[in-house]
Amino acid sequence: MAFRNIYNIPDKIKRIKLIIIDVDGVLTDGKSYMLDTGKEIKIFNVKDGSGIVMAHRAGLHTAILSGRKSPIVQKWAKTQGIKDIFQNIFYKTDVLDKLKKKYKLKNQEIAYIGDDMIDLPLLREVGFSIAVSDASKDIKREVDFITSAAGGQGAVRELMELILKTQKKWTKATKVYFKK
């Protein structure tokens, strides 16, 4: 886990109300698995999904934003309770205005986690920018925070825990796991 500027990070995190998540290389390990039938397989980390569900329990919004299109992403995202799913989007900043308008948010209230050059314009726009540990070096130089986990290996869960704990919403997000 690494911060670029540790002095203003808690303030940035406390403002976050929406977390936008890239898919390939963030929710997955970035590998493309193809069957001989032509079907694509993506492997998601259960811990990432759990982190997303916890964020929802705490009142945060999440969105999926991918440069590629895959039916499995749509299905997976819905099982996690993600309502905003944008695929086949090359210019990812185009989605930012839609989400800001929908949730009545400012850039400072939005976080984005990415891993490659297609993510850079959006990472520069949001209030809290995050890269996975195996992101490209160019991306790592630009973001506020770098996860210790690689893409597809729990990086999103790590991010959700950081946000929920910093915002003091961790107990609310996890109380369902404890008996009354």
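Out of the residues in segment 126-149 meeting the condition of being without any contact (Cβ under 8 Å) to a residue 40 or more places away in the chain and within 14 Å of ILE16 (Cβ to Cβ), tell me which one is surrounded by the most Cβ atoms within 10 Å (Cβ to Cβ). Taking the candidates together, the pick is ILE130. When the test is whether a residue is closer than 23 Å to GLU158 by Cα, out of contact with any Asp or Glu (no Cβ under 6 Å at 6 or more places or on another chain) and not charged (D, E, K, R), ILE130 passes it. Among the conditions (1) at pLDDT 95 or above; (2) within 16 Å of ASP29 (Cβ to Cβ); (3) of a type in the set (A, V, I, L, M), the only one that ILE82 does not satisfy is (2).
Residues are listed down the side, and each one gets a yes or a no for (1) over 16 Å from the mean Cα position of the chain (by Cα); (2) small (Gly, Ala, Ser); (3) buried (at least 18 other Cβ atoms within 10 Å of the Cβ); (4) in a loop (DSSP other than H, G, I, E, B):
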{"site": "LYS78", "(1), (2), (3), (4)": "no, no, no, no"}
{"site": "TYR91", "(1), (2), (3), (4)": "yes, no, no, yes"}
{"site": "ASP94", "(1), (2), (3), (4)": "yes, no, no, no"}
{"site": "LYS98", "(1), (2), (3), (4)": "yes, no, no, no"}
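Within segment 7-24, residues that are within 13 Å of ILE130 (Cα to Cα) and of a type in the set (Lys, Arg) have Cβ atoms under 9 Å from residues that are in a helix (DSSP H, G or I) and modelled with pLDDT of 90 or more in these pairs: LYS12/GLN108, counting only partners at least 6 apart in sequence or on another chain.
Looking across SER133, SER148, SER129, one residue alone is assigned to a strand (DSSP E or B) and of a type in the set (S, T, N, Q). It is SER129. The condition of being of a type in the set (Gly, Ala, Ser) and at pLDDT below 95 holds for only one of SER133, SER129, SER70, that being SER70. Looking only at residues of segment 47-66 that are over 14 Å from the mean Cα position of the chain (by Cα) and of a type outside the set (D, E, K, R), we find that the one that is farthest from LYS17 (Cα to Cα) is ALA58.
When the residues of segment 36-55 are filtered to those that are assigned to a loop (DSSP other than H, G, I, E, B) and in contact (Cβ under 8 Å) with a residue 12 or more places away in the chain, which remaining residue is farthest from GLU161 (Cα to Cα)? Across segment 36-55, the extreme among qualifying residues is LYS42. From the list THR62, THR28, the one residue that fits, being in a loop (DSSP other than H, G, I, E, B), at pLDDT 95 or above and hydroxyl-bearing (Ser, Thr, Tyr), is THR28. Residues of segment 163-175 that are in contact with a helix residue (DSSP H, G or I) (Cβ under 7 Å, 6 or more places away or on another chain), in a helix (DSSP H, G or I) and either under 21 Å from PHE44 (Cα atoms) or of a type outside the set (Phe, Trp, Tyr) (or both): ILE163, LEU164, THR166, LYS172, ALA173, THR174.
Picking from residues in segment 2-25 that are modelled with pLDDT of 90 or more, outside any strand (DSSP E or B) and in contact with a strand residue (DSSP E or B) (Cβ under 9 Å, 6 or more places away or on another chain), the one that is farthest from GLN74 (Cα to Cα) is LYS12. Residue count for segment 102-121 satisfying the condition of being buried (at least 19 other Cβ atoms within 10 Å of the Cβ) and either under 12 Å from the mean Cα position of the chain (by Cα) or on the phi > 0 side of the Ramachandran plot (or both): 7.
The values are calculated or read from the model by the stated rules, or taken from the named source; none is laboratory data. As the structure is a prediction and not an experimental result, all values here were calculated from the model. Every residue, glycine among them, receives a Cβ derived from its backbone with ideal geometry; neighbour counts consider all protein chains shown.
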